[in-house]
Amino acid sequence: WITVEPIHIPEADYDAKITAMVAGNESPDLGYMHGELADPWQNEGKFVNLFELLDKDTELKREDFLDYIWFKASDDFAYGISTAGEMFGLFYNKDLFDAAKAAYPPAKPEEAWTWDEFVEVAKKLTLDKNGKNASEEGFDPKNIKQYGVSFETWWGPVQAQVVNNEGEWITKDGKFGFSQPEAT
């Protein structure tokens with residue numbers, strides 16, 4: 001009984017088009033929002049409270065969702081929901097660990113490696129063109145054949161590493177947080 005009229009707006013034009021639609025009182029009922037637009041528009045009262053809608057729903061409840069996916073103006077006002085609740089995980093190739101005679105990463109949190117232990121294993125898995133690993137004498141760091149670890153470098157995984165190490169992007173007193181040892 002619900003009719004949906006989809007509108008495709010290319011990413012390159014999205015913010016300009018959606019801003020023009022809102023300015024002309026022709027905004028869509030539902031849409032993807034970038035934080036650059038969503039936060040100010042939320043402050044201007046342009047969004048409905050999703051929590052009020054959920055409280056009236058007979059099938060869904062707030063408790064059905066992870067709390068961290070909501071974009072909230074307050075504890076009782078959600079103006080958006082994340083398009084993806086993401087997790088970062090460690091994937092590894094058992095054959096490479098076996099060849100390096102290295103133990104697999106522990107599966108139990110209480111047995112997790114320290115950062116230094118992680119680095120030592122990564123060194124054993126990093127091989128130069130002559131087959132020497134990064135912890136061996138004579139290792140050639142300019143001719144690496146196999147890296148022992150690879151990290152994604154977009155902000156999501158970087159943020160996870162910074163926060164997990166108790167660092168901050170921006171400190172509580174408003175300074176650049178990457179100068180902190182925890183973030184570095």
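The values are calculated or read from the model by the stated rules, or taken from the named source; none is laboratory data. Owing to the predicted nature of the structure, the values given are computational and were not obtained by experimental measurement. Every residue, glycine among them, receives a Cβ derived from its backbone with ideal geometry; neighbour counts consider all protein chains shown. Surface areas here come from the heavy atoms of the whole protein model, side chains and all, with no ligands, DNA or RNA. Shrake-Rupley method; radii C 1.70, N 1.55, O 1.52, S 1.80 Å.
Computed values, structure above
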item: Size of electric dipole in the chain: Cβ of Lys, Arg +1 and of Asp, Glu -1, about Cα centre, debye, nearest 20; result: 820
item: Largest-first ordering by accessible area, 1.4 Å probe, given options Leu90, Leu54, Leu60; result: Leu90, Leu60, Leu54
item: HN-Hα J in Hz across the stretch 21-37 - Karplus 6.51, -1.76, 1.60, θ = phi - 60°, x for Gly and Pro; result: 4, 5, 4, x, 6, 10, 5, x, 6, 8, x, 7, 10, 7, x, 4, 9
item: With DNA, RNA and ligands ignored, accessible area of Lys124 (1.4 Å probe; Å², nearest 10); result: 90
item: Charge tally in the Cβ shell below 9 Å around Asn133, where Lys, Arg are +1 and Asp, Glu are -1, Asn133 excluded; result: +1
item: Euclidean distance between Cα centres, the stretch 28-52 to the stretch 158-180, Å; result: 27
item: Principal semi-axes in Å for the stretch 55-115 [√(5λ), Cα gyration tensor, largest first]; result: 41, 12, 11
item: Estimated Rh, the stretch 1-94: Kirkwood, alpha-carbon pairs, angstrom; result: 15.7
item: In range of the label at Val163: residues from the stretch 67-81 whose backbone nitrogen is under 13 Å from the point 7 Å along Cα→Cβ; result: 67-71
item: CD proxy at 222 nm, helix term only [per DSSP H run n ≥ 4: -39500 (n - 2.57); per residue of the chain; nearest 500]; result: -8000 deg cm²/dmol
item: Per-pair calculated FRET efficiency, R0 = 45 Å: Asn130 and Glu5 via Cβ, rounded to 0.05; result: 0.10
item: Point-charge dipole on Cβ atoms (K/R +1, D/E -1) for the stretch 1-86, about Cα centre, debye to 20; result: 140
item: Accessible surface of Ser179 - all protein chains present, 1.4 Å probe, nearest 10 Å²; result: 90
item: The stretch 106-119 - phi-based ³J(HN,Hα) in whole Hz, Karplus 6.51/-1.76/1.60, Gly and Pro as x; result: x, 8, 9, x, 5, 9, 4, 5, 6, 4, 4, 5, 4, 4
item: Label-point separation in nm, Trp115 to Leu90, each point 7 Å along Cα→Cβ; result: 1.4
item: Efficiency of FRET between Tyr147 and Leu66 - r from beta-carbon atoms, R0 35 angstrom, step 0.05; result: 0.60
item: FRET efficiency for Asp57 and Met21, using Cβ-Cβ distance with R0 set to 22 Å, rounded to 0.05; result: 0.20
item: Accessible area (Å², 1.4 Å probe, nearest 10) - Lys132; result: 80
item: Accessible-area ranking of Asp76, Asp128, Asp140, largest first, probe 1.4 Å; result: Asp76, Asp140, Asp128
item: Taking all pairs of distinct alpha-carbon atoms in the stretch 25-173, Kirkwood radius in angstrom; result: 19.9
